[in-house]
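One structure is given below, encoded as structure tokens.
The values are calculated or read from the model by the stated rules, or taken from the named source; none is laboratory data. None of these values were measured; they are calculated from a predicted model. Backbone-built Cβ (ideal geometry, glycine too); neighbour counts: all protein chains shown.
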Amino acid sequence: MKKAMTISYEVGNNLYLNFTNKCPCNCTFCIRTHADGAYGSDPLWLEHEPSMDEIKADLGKHDLTKYDEIVFCGYGEPTERLDAVTETAGWLREKGCKKLRINTNGLGDLVNGRSIAGELCEALDVISVSLNAGTRDEYMKVTRPRFDNAWEAMQQFTADCVKTGSAEVVMSVVDVIPEEQIEASRKVAEKLGAVLRIRTFDD
């Protein structure tokens, strides 16, 4: 495991932000189980969690307005550092950034001990929740979360985000799961009022 201080990394026309390596899940297909980085990035295992000063200094090296999206998504669950996400989002708004998205496992309420949908939806344009499976049993098997009520909490978080009406809410699955799970996932997303996105394994 190579460690570095890769706070930001480019993927196509987007800039991805890596603030933490903490995650309450241990997904069977997680890229970090077989690589130190993603999409050709430098290692995403952090030497330490960056401070706001370090985050701003790193982002200051980029022309932030050139990106289609700036995405809070690294080698951990971004809502493990909720305050850093919302503060950075506000700072990026001041810099004129076009679109802000978070890729989350949807367990931020459990991580932070309170509902966070309102804060996130106010700060960001797109909330992308990793659904991973269409049934509770399969979700728990694939995601392997440390919370027993993860399946229920993830759906409640998604529903709460949809209710705010202030952000686009997407749920995603990876195309490595069986077709019947993809269809079950579609029904879950529709029930919650979110859009389902089917990602390729390396997307």
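The table for this structure:
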quantity	calculated
Residue check, Thr6 assigned to a loop (DSSP other than H, G, I, E, B) and either more than 14 Å from Asn103 (Cβ to Cβ) or at pLDDT below 75 (or both)	yes
Total residues in the stretch 130-156, condition within 20 Å of Val195 (Cα to Cα) and without any contact (Cβ under 8 Å) to a residue 24 or more places away in the chain	4
Yes/no for Ala159 being within 22 Å of Arg199 (Cβ to Cβ) and either surrounded by fewer than 21 Cβ atoms within 10 Å (Cβ to Cβ) or among the aromatic types (Phe, Trp, Tyr) (or both)	yes
Filter pass, Asp58 being surrounded by 14 or more Cβ atoms within 10 Å (Cβ to Cβ), part of a helix (DSSP H, G or I), in contact with a helix residue (DSSP H, G or I) (Cβ under 6 Å, 6 or more places away or on another chain) and not β-branched (Val, Ile, Thr)	no
Of residues in the stretch 121-139 being in a helix (DSSP H, G or I) and charged (D, E, K, R), the one surrounded by the fewest Cβ atoms within 10 Å (Cβ to Cβ)	Asp137
Residue check, Glu152 within 23 Å of Glu69 (Cα to Cα) and in a helix (DSSP H, G or I)	no
Members of the stretch 10-24 found to be surrounded by fewer than 18 Cβ atoms within 10 Å (Cβ to Cβ) and under 10 Å from Arg81 (Cβ atoms), listed by number	Lys22
The stretch 89-108 residues that are basic (Lys, Arg), paired with ones that are in a loop (DSSP other than H, G, I, E, B) (beta carbon under 6 Å, 6 or more apart)	Lys99/Asp125
In the stretch 156-166, the residues that are in a helix (DSSP H, G or I) and more than 15 Å from the chain's Cα centre (by Cα)	Gln156, Ala159, Asp160, Val162, Lys163, Thr164
Identity of the residue in the stretch 90-106, among the small types (Gly, Ala, Ser) and over 14 Å from the mean Cα position of the chain (by Cα), that ends up modelled with the lowest pLDDT	Gly96
Filtered residues of the stretch 140-149 (kept if farther than 17 Å from Asn103 by Cβ and either part of a loop (DSSP other than H, G, I, E, B) or within 17 Å of the chain's Cα centre (by Cα) (or both))	Arg144, Arg146, Phe147, Asp148, Asn149
Subset tally (residues that are of a type in the set (Val, Ile, Thr) and out of contact with any Asp or Glu (no Cβ under 8 Å at 6 or more places or on another chain)) for the stretch 175-203	2
Selection from the stretch 167-201 of residues that are surrounded by fewer than 16 Cβ atoms within 10 Å (Cβ to Cβ), part of a loop (DSSP other than H, G, I, E, B) and touching a residue at least 24 places away in the same chain (Cβ under 8 Å)	Asp175, Val176, Gly193, Thr200, Phe201
Pick from the stretch 63-120, criterion among the hydrophobic types (A, V, I, L, M, F, W, C) and in a loop (DSSP other than H, G, I, E, B), ranking: surrounded by the most Cβ atoms within 10 Å (Cβ to Cβ)	Leu107
